[in-house]
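Following: one structure in structure tokens, then a few remarks.
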Amino acid sequence: MPPTIALDVIRYRPERNEEPSFQTYEVPFRDDWVVLDALNYIKDWLDGSLSFRWSCRMGVCGSCGMMVNGQPKLTCAAYLSDHQPGPIRVEPLNYFPIVRDLVVDITEFLRKLTKVKPWIIRDQVWPVEEGEYRQTPAQLDTYRQFSQCINCMLCYAACPIVGLEPEFVGPAAIALAQRYNLDSRDEAAKQRLKILSDHAGIWGCTFVGECTQVCPKHVDPAGAIQQFKLTGALDALKSLLLPWGTR
Amino acid sequence: MSDLSHHTRYHPRWYRRRMSVWWWLKNRAYSKFVLRELTSVFVALFAILFLWQLRALAHGPDAYAQFTARLKAPLFLTIDTVAFLFVLFHTITWFNLTPTAMVVRVRGKRVPDKIVAGSNYIVWVLLSGIVAWILTRG
Amino acid sequence: MTERLTPFLWILFSLGGTIAAFLFPVHLFLGGLAFPLGWLDAPSYEALRGLVQHPVVRLYLFVVISLPLFHWAHRFRYTLYDGLQLYHLTVLIAVLCYGAALVGTAVAAYTLWNLA
Ligand code: SF4
Ligand code: FES
């Protein structure tokens, strides 16, 4: 008999279940399979009613994030062989409301992303004839890391503050704000600081640091938040010492 | 945007998990985090001990002798040992997180984390040496 | 109000944490273990009194006591209400924590002033 491995998967069908519960599936074990392959095997051969999100299967789209043995992971990058002998626990991302099975609601996440104005804002927009806004490689380098985010939300599922404080803007959104703050073409750092200088923003963070640990793209949201705090603190200090300065 | 999304926030059919009061025991990293935060209690404890020593010093030789005698009691030695371990944990975590919290750039290039953290340790050893030298000199 | 104060409290927290990280291990090791246990010769009362005569030493002691207290206040405050989910007590916890640090700072200032 070919080897198999067990998956304990959370099932929640709102029309039938009061609360989520585990269901166990036995799937073939293959060295080159990831958890997502196993889930697709379940869907194709064992139970077509299992719901989950995925798309690219190569760590680019950010839609396949789930808790694998309690850790937030991209299931398309989580090998079965790294979780032997099983059973492997597969749950929807922590702290998000569960819509169905492994699918979570991301409305709040999207609202938080847009809250930080993640686009280039200029005091004066040049007409197209003037040409593009130029940027040196060194200038690009200052924010490049923070621009790699794929919105997989693993960092949210890793952060206890997200669970404790539903309004907390969260790691990816603050990293994204920092990405635009550090962009030499952008001029709205002050606006974003205002939006984020409260307990739902940077000051709610206690630097647990797990967001950075789980991020598959090495965005380092924890670093972004701490650096943001430093900027915010220096800004507050400046406006205290020079109250007549530009506000 | 926020108005639009509001109607979905309390969707009755979505399952919302509640965070347990014991969340910080549920996961290794969380426990380590809380332990790190609790080092602050021992930091404060030592600051108070330090203050106490100064007050004894201010009250004259007898009071100070009494204070130093008290420090030799097993209770204090135990507390100090535990506090020392926690403070050491604070030092290590603080140093190791510095490069994340502060980006140091030299000529436009980001200084590698290891070097930023490492220089903390070097300064630490130097400062400790100076303090020890001043206190044990005479 | 607290929102406006937070950046400053965070600065105190950071400075205090840095000071504690660099200087507390050696002070605690010497004062709490090495001297009481006789591993090293403790400085005499007179030597210490002489040392604290110097204003720089007194300033050092003030900073080394006060800022780490604020470090504690800030960290402990967050730990209390995140760890135990005491959101309804936010204000009370903040007042108690920062208040204690303020009292400690005042006592330190008073003591060091009189030590001269
Ligand atoms: S910061 Fe990293 S973990 Fe968070 S959403 Fe972006 S890619 Fe995912
Ligand atoms: S399926 Fe796209 S990131 Fe995993």
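Each value in this text was obtained by applying a stated rule to the coordinates, not by laboratory testing. Bear in mind the structure is a predicted one, so any value in this text is a computation, not a measurement. Neighbour counts run over all protein chains shown; Cβ positions are idealised from the backbone, glycine included.
Per-residue Karplus couplings for region C:63-70, computed as 6.51 cos²θ - 1.76 cosθ + 1.60 with θ equal to phi - 60°, are listed in order as 5, 6, 8, 5, 4, x, 5, 5 Hz, Gly and Pro entered as x. Among the trypsin sites (Lys or Arg not before Pro) within region B:84-138, which fall in a DSSP loop and have no more than 15 other Cβ atoms within 10 Å of their own Cβ? Listed in order of number, the matching sites are B:Arg107, B:Arg137.
Descending by average beta-carbon neighbour count within 10 Å, the peptides A:53-63, A:224-234 line up as A:224-234, A:53-63, the highest first.
For A:Gly65, the residues whose modelled amide H falls within less than 5 Å of its own, excluding neighbours fewer than 5 places apart on the same chain, are A:Thr75. In a DSSP loop and with at most 10 other Cβ atoms within 10 Å, the trypsin sites (Lys or Arg not before Pro) in region A:12-47 are A:Arg16. A helix-only calculation puts chain C at -27500 deg cm²/dmol for mean residue ellipticity at 222 nm, using -39500 (n - 2.57) for each DSSP H run of at least four residues, averaged over all residues. Ordering A:Gln213, A:Ile195, A:Val34 by the projection of their Cα atoms onto the charge dipole of chain A, which places +1 on the Cβ of Lys and Arg and -1 on the Cβ of Asp and Glu, puts A:Ile195 at the extreme positive end.
Under 5 Å between amide hydrogens, built in the peptide plane, is the criterion, and for B:Met102 it picks out nothing among residues at least 5 positions away or on other chains. For chain A, the longest principal axis of the Cα atoms and the long axis of helix A:221-241 meet at an angle of about 20 degrees. Packing around the peptides A:156-164, A:170-178, B:28-36, taken as the average count of other Cβ atoms within 10 Å per residue, puts them in this order, highest first: A:170-178, A:156-164, B:28-36.
Normalised by the residues of region C:66-116, what does the relative contact order come to in percent, with Cα pairs under 8 Å and at least six apart? Dividing the mean separation by the residue count of region C:66-116 yields 47 percent.
Counting charges near A:Val68 (Lys, Arg +1; Asp, Glu -1) among other residues having Cβ under 10 Å from its Cβ returns a value of 0. Here the extension length gained between B:Thr81 and B:Ser119 equals 11.0 nm, from 0.36 nm per residue of separation less the Cα-Cα distance. Computed over neighbours whose Cβ is under 14 Å from that of A:Gly48, the net charge equals +1, Lys and Arg +1, Asp and Glu -1. With each label modelled as a point 7 angstrom along the Cα→C-beta vector, the C:Asp41-A:Gln124 pair spans 7.4 nm.
Using the Cβ-Cβ distance between A:Tyr79 and A:Asp47 with R0 set to 35 Å, the FRET efficiency from 1/(1 + (r/R0)^6) comes to roughly 0.95.
The relative contact order of chain B, computed from alpha carbon pairs under 8 Å that lie at least 6 residues apart in sequence, is 17 percent. When peptides A:109-122, B:121-134 are sorted by average Cβ neighbour count within 10 Å, with the highest value leading, the order is A:109-122, B:121-134. Grab the Cα-Cα distance for B:Leu35 and B:Lys72, subtract it from 0.36 nm times how many residues apart they are, and report the gain in nm with one decimal. Working it through step by step, the gained length comes to 10.6 nm. Quick one: check the C-alpha center-to-center distance for region A:121-176 versus region C:66-92, whole angstrom. One Cα centre to the other: 30 Å.
In the neighborhood of C:Leu9, defined by Cβ-to-Cβ distances under 13 Å, what is the net charge if each Lys or Arg adds +1 and each Asp or Glu adds -1?
Working: positive: A:Lys229, C:Arg4, C:Arg75, C:Arg77; negative: C:Glu3.
Counting the neighbours of C:Leu9, the net charge comes to +3.
Most fluctuating residue of C:Thr79, C:Thr18, C:Thr105 in a GNM of chain C with Cα springs under 10 Å: which is it? In the Gaussian network model the winner is C:Thr79. Considering only C-alpha atoms, what is the centroid distance from region C:10-48 to region B:30-70, in Å? Rounded to whole Å, the Cα centres lie 9 Å apart.
Placing a pseudo-label 7 Å from each Cα along the Cα-to-Cβ vector at B:Ala63 and A:Leu140 gives an inter-label distance of 6.7 nm. Here's how it looks for A:Val34: its modeled amide H is under 5 Å from those of A:Leu80, which are all 5 or more places away or on a different chain. Taken along the Cα-to-beta-carbon direction at a fixed 7 Å, the label points for B:Arg18 and A:Lys117 span 4.0 nm.
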